[in-house]
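Data block below; observations after.
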Amino acid sequence: MRVVIQENYEKMCKWAAGYIAGKINAHGTDRPFVLGLPTGSSPLGVYAELIRMNKAGAVSFRNVVTFNMDEYLGLPREHDQSYWYFMWSNFFDHIDIPKENVNILDGMTGDPEGECARYEAKIAACGGIDLFMGGIGVDGHLAFNEPFTSLTSRTGVRALTTDTRIVNSRFFGNDPEAVPAKALSVGIGTVMDSREVLVLINGHNKARAMAATVEGGVSQKWTCSALQLHPAAIIACDEAACGELKVDTYRYFLDIEKDERL
Ligand code: GLP
């Protein structure tokens, strides 16, 4: 696992956007570049930077196919807290991606299991995911894979913990009951099948999860810790997220990744 520590959130986002754009630009044109994407506040700065780069002609999304990580169950697309709405308003509406290249789980499906199976089949039909960008929750959840979700899980229906509903209630008028109780989410196994994974971790409130991801044992208690078994996982983080790392760990990654420091 690589851990790229940047001084602050802005630099973390700039580095991550540059990394993603570099991968897209280096990809051949024989098949599309398949990019997995998250929602949440963590990736907002990355999307803003990718939009800027796209407008400046530094990267194009014409040959990119995307798959989003998750979606609330029971929220229509038009709901301003649906992940469909988030992705279009914060990213897709501002870049040159063909509409038909965007894949987001349908939170209003009448057949959740079938929807999830179709999603997995479509990822496979696209040749698998080249790079999955992700974020994590304070409890270490990756996508909506809460603690104790199987580390081999596939795309499926997930029940959200009370803690996650409380954390996400900041977008729902501070009412945890207004946060949907379930979501559709790719599995940890789905993420682990990607050729590369890039997870953003920023802020003091993620420091515990960060330590569990990087230094803890691989455990279903911290589903993000599965990344230790991925052959090409990168954590891009800010200084604040490193607060619970051992000094040795912190210094090791600063040293070995010094050329990446912006
Ligand atoms: C939600 C999403 C996750 C996301 C997490 C962290 O629960 N399902 O995919 O990583 O929130 O969000 P934030 O980046 O806002 O802290």
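The values are calculated or read from the model by the stated rules, or taken from the named source; none is laboratory data. If you're wondering where the values come from, they're calculated on a predicted model, not measured in any experiment. Methodologically, a virtual Cβ is constructed for each residue, glycine included, from the backbone with ideal geometry; neighbour enumeration extends over all protein chains shown. Only protein heavy atoms, including side chains, enter the accessible area calculation; ligands, DNA and RNA are left aside. Shrake-Rupley method; radii C 1.70, N 1.55, O 1.52, S 1.80 Å.
Quick one: which residues, 5+ away or cross-chain, put their amide H under 5 Å from the amide H of residue 65? H built at 1.01 Å from N.
33, 34, 35
Toward the positive end of the charge dipole of segment 112-194, about the Cα centre and with charges on Cβ (Lys, Arg +1; Asp, Glu -1), which of 155, 179, 168 goes farthest?
155
If you roll a 1.4 Å probe over the chain with all protein chains in place, what percent of the accessible area is carbon or sulfur?
Heavy-atom surface of the chain belonging to carbon and sulfur, 1.4 Å probe: 52 percent.
With a 1.4 Å probe and all protein chains left in place, how much accessible area per residue does segment 123-262 have, in Å²?
Ligands and nucleic acids excluded, the result is 43 Å² per residue.
When the solvent-accessible surface of protein heavy atoms is calculated with a 1.4 angstrom probe, in what order do 15, 222 fall, highest first?
Final ranking, largest accessible area leading: 222, 15.
For the pairs 99/258; 14/246; 11/246; 23/99; 221/258; 11/182, flag any whose C-alpha to C-alpha distance is greater than 29 Å.
99/258; 221/258; 11/182
Multiplying the sequence separation of residue 219 and residue 170 by 0.36 nm and subtracting their Cα-Cα distance, what value in nm do you get?
Going from the current span to full extension adds 14.8 nm.
Suppose every K and R has +1 on its Cβ and every D and E has -1 on its Cβ; what is the size of the dipole of the chain about the Cα centre, in Debye to the nearest 20?
Computed charge dipole of the chain: roughly 340 debye.
Would you rank 249, 161, 223 by solvent-accessible area, highest first, keeping every protein chain in place and using a 1.4 Å probe?
161, 249, 223
Which order do 262, 73 take by accessible area at a 1.4 Å probe, largest first?
Final ranking, largest accessible area leading: 262, 73.
What does the accessible area of residue 113 come to, in Å² to the nearest 10, when a probe of 1.4 Å is used?
120
Which value, in Å² and to the nearest 10, is the accessible area of residue 136 when all protein chains are kept and the probe is 1.4 Å?
10
At q = 0.14 Å⁻¹, what is the log10 ratio I(q)/I(0) for the chain, with the Debye formula run over Cα points and no solvent?
Rounded to two decimals, the profile gives -0.95.
Calculate, axis by axis, the spread of Cα positions in segment 108-240 along the three principal axes, and write the results as whole Å, longest axis first.
Computed over the Cα atoms, the extents are 39, 39, 21 Å.
Evaluate E = 1/(1 + (r/R0)^6) for residue 81 and residue 255, where r is the Cβ-Cβ distance and R0 equals 30 Å; express this FRET efficiency to the nearest 0.05.
Taking R0 as 30 Å, the efficiency between residue 81 and residue 255 is 0.15.
Would you please name the GluC sites (Glu not before Pro) within segment 12-96 that are DSSP coil residues with at most 12 other C-beta atoms within 10 Å of their C-beta?
Qualifying residues, ordered by number: 78.
Be a star and scan segment 2-16 for residues whose amide nitrogen sits under 17 Å from the point 7 Å along the Cα-to-Cβ vector of residue 52.
So the set is 6-16.
Would you mind putting 206-212, 125-131, 196-202 in packing order, based on average other-beta-carbon counts within 10 Å, highest first?
Packing proxy ranking, top to bottom: 196-202, 206-212, 125-131.
Decide, for segment 48-162, between rounded, prolate and oblate: order the square roots of the alpha carbon gyration tensor eigenvalues as a ≥ b ≥ c, take rounded if a/c falls under 1.5, and otherwise choose prolate if a/b is larger than b/c, else oblate.
Taking the square roots of the gyration eigenvalues as a ≥ b ≥ c, segment 48-162 is prolate.
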